[in-house]
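Reviewing the structure listed below.
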Amino acid sequence: MLWDSVPGQGALKKRLSDAVRHGQVSHAYILEAADLSAGMQMARGFSQLLLCEYGTGCGTCRSCRLVEMGSHLDVIYVLPEKNNVLTVDEIRKKLVDDMEIRPFRSSRKIYVVDQADKMTVEAQNALLKTLEEPPSYGIILLLAENSESFLPTILSRCVLLRLQTDPDPEERFPEEERRAVLSVCLNLHELDSTGISGAVDSWQEAHIPSETVVMLFRYWFRDMLLWKSAGNDTRFLLHSESRNIREAAEHYSFQQIQKALSAVDRAETRIYLNVNETIAFNMLLMDCRPVTENRPLTAEEFDEYLIPDEEEKRFYRMES
Ligand SMILES: [Zn+2]
């Protein structure tokens, strides 16, 4: 679907899908988005869902394909032309009057108004009458950076939907907590069991929430995997840690990173199941340590896939 290209927005997509499924689609929506191109993709995806011949936004039926190509006759795009304003004439001609004409090939007719906050007051007033008595097939999607620029009479007749701006993943965590957790990630290759329990204790003394630890570990190894597999650090979630992650990656094989990511999933499950946090985190750190020549292997690791090569196995010492 077209809106698949918009990251996140799960709640919003679900809300719109549910509205279509339950036949509770409104006649007018305001899509407020800091990034108007994301707003436009959402509007096009919603149009696809509304007009799909199977009601699913399948992406493959004729209707879905026409929406995707931007050539569906029942999806009308209205955008500011001269001087970057939407005048009353434009709104009348392209929307108000046009809506009198029945849909061409579907049961709905959708008007996507780009930069709708550029409507003049007269234009908004002209739209008002249509919003009050829309024909059964008419749906208006107003895209705007800021919904506050609409007249209260417009606002009260539209369903306001806000696209969530994706918070910077790093900023989701207080800096001190982030440092406390990520410094452990960076030094995992040097930690013995005493070091591990020391690290876990310090997190608990600092009252770092378990979700923070789990999430940061996930980001750390996710970024490391990206680096190892694509040699690319431009899309790191922990972008300010780029240098440290690349440095730590030296100690890990591709498989060890995947093993660490599985360990993060297990830790999350254990915490969810109320396993003692100290135990869960000790296990997490044990499982996330890279195998290096400085650290003896556990018997379990020795037999595991992570060192499939017999020669390589001999290279490491066995932990007694
Ligand atoms: Zn379809």
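The values are calculated or read from the model by the stated rules, or taken from the named source; none is laboratory data. As the structure is a computational prediction, the values presented were derived from the model and not from experiment. Methodologically, a virtual Cβ is constructed for each residue, glycine included, from the backbone with ideal geometry; neighbour enumeration extends over all protein chains shown. Keep in mind that these areas ignore ligands, DNA and RNA; they rest on the heavy atoms of the full protein, side chains included. Shrake-Rupley method; radii C 1.70, N 1.55, O 1.52, S 1.80 Å.
Summary table below
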{"item": "Relative contact order (%) - the chain, alpha-carbon pairs under 8 angstrom, separation at least six", "result": "15 percent"}
{"item": "Probe 1.4 Å - accessible area at residue 69, Å² to nearest ten", "result": "130 Å²"}
{"item": "Pairs of Cα atoms farther than 18 Å apart, the range 136-215, %", "result": "61 percent"}
{"item": "Cut-off under 5 Å, modelled amide H: who pairs with residue 160 long-range", "result": "30"}
{"item": "On Cα atoms only, tilt of 254-272 relative to the major axis of the chain in degrees", "result": "80 degrees"}
{"item": "Largest-first ellipsoid semi-axes for the range 204-299, taking √(5λ) over the Cα gyration tensor eigenvalues, angstrom", "result": "23, 17, 11"}
{"item": "Rg/Rh for the range 64-118, where both radii come from Cα atoms and Rh is the Kirkwood radius", "result": "1.00"}
{"item": "Separation between Cα centres of the range 153-206 and the range 23-94, rounded to whole Å", "result": "37 Å"}
{"item": "Apportionment of accessible area to carbon and sulfur, the chain, percent (1.4 Å)", "result": "49 percent"}
{"item": "Two-decimal Rg to Rh for the range 109-156 - Kirkwood Rh, Cα set", "result": "0.94"}
{"item": "Compactness of the range 1-102 as Cα Rg over 2.2 N^0.38 Å, two decimals", "result": "1.13"}
{"item": "Under the Debye formula (equal points on every Cα, no solvent term), log10 I(q)/I(0) of the chain at q = 0.09, 0.11, 0.14 Å⁻¹", "result": "-0.66, -0.79, -0.97"}
{"item": "Choice from 212, 194, 120 showing the highest fluctuation, given a GNM over the chain with Cα pairs closer than 10 Å", "result": "194"}
{"item": "HN-Hα J in Hz across the range 142-154 - Karplus 6.51, -1.76, 1.60, θ = phi - 60°, x for Gly and Pro", "result": "9, 9, 8, 6, 9, 6, 5, 7, 8, 5, x, 5, 6"}
{"item": "Heavy atoms of residue 22 accessible to a 1.4 Å probe, total area in Å² rounded to 10", "result": "110 Å²"}
{"item": "In sequence order, calculated HN-Hα J values of the range 22-34 (Karplus, 6.51, -1.76, 1.60; Hz; x Gly/Pro)", "result": "8, x, 10, 7, 7, 8, 8, 10, 10, 9, 8, 8, 5"}
{"item": "Distant-in-sequence amide H partners of residue 75 (H built 1.01 Å from N, under 5 Å)", "result": "110"}
{"item": "Heavy-atom surface of the chain, accessible at 1.4 Å and reported per residue (Å²)", "result": "52 Å²"}
{"item": "Amide H partners (placed H, <5 Å) of residue 119, local residues excluded", "result": "86"}
{"item": "Residue-level accessible surface for residue 257, protein heavy atoms, 1.4 Å, Å²", "result": "0 Å²"}
{"item": "CD proxy at 222 nm, helix term only [per DSSP H run n ≥ 4: -39500 (n - 2.57); per residue of the chain; nearest 500]", "result": "-14500 deg cm²/dmol"}
{"item": "Hits among lysines - C-alpha to C-alpha of residue 109 under 26 Å, sequence gap 8 or more where chains match", "result": "13, 14, 82, 93, 94, 118, 129"}
{"item": "Nearest-20 debye value, the chain charge dipole, Cβ charges on Lys, Arg, Asp, Glu", "result": "1580 debye"}
{"item": "Cα gyration tensor shape for the range 156-264, rounded if a/c is under 1.5, else prolate or oblate", "result": "oblate"}
{"item": "Most to least accessible of 114, 89 (protein chains only, probe 1.4 Å)", "result": "89, 114"}
{"item": "Cα gyration tensor, the range 52-179 - rounded (a/c under 1.5), prolate or oblate", "result": "oblate"}
{"item": "Normalised contact order of the range 2-162, rounded percent, pairs of Cα under 8 Å and 6 or more residues apart", "result": "31 percent"}
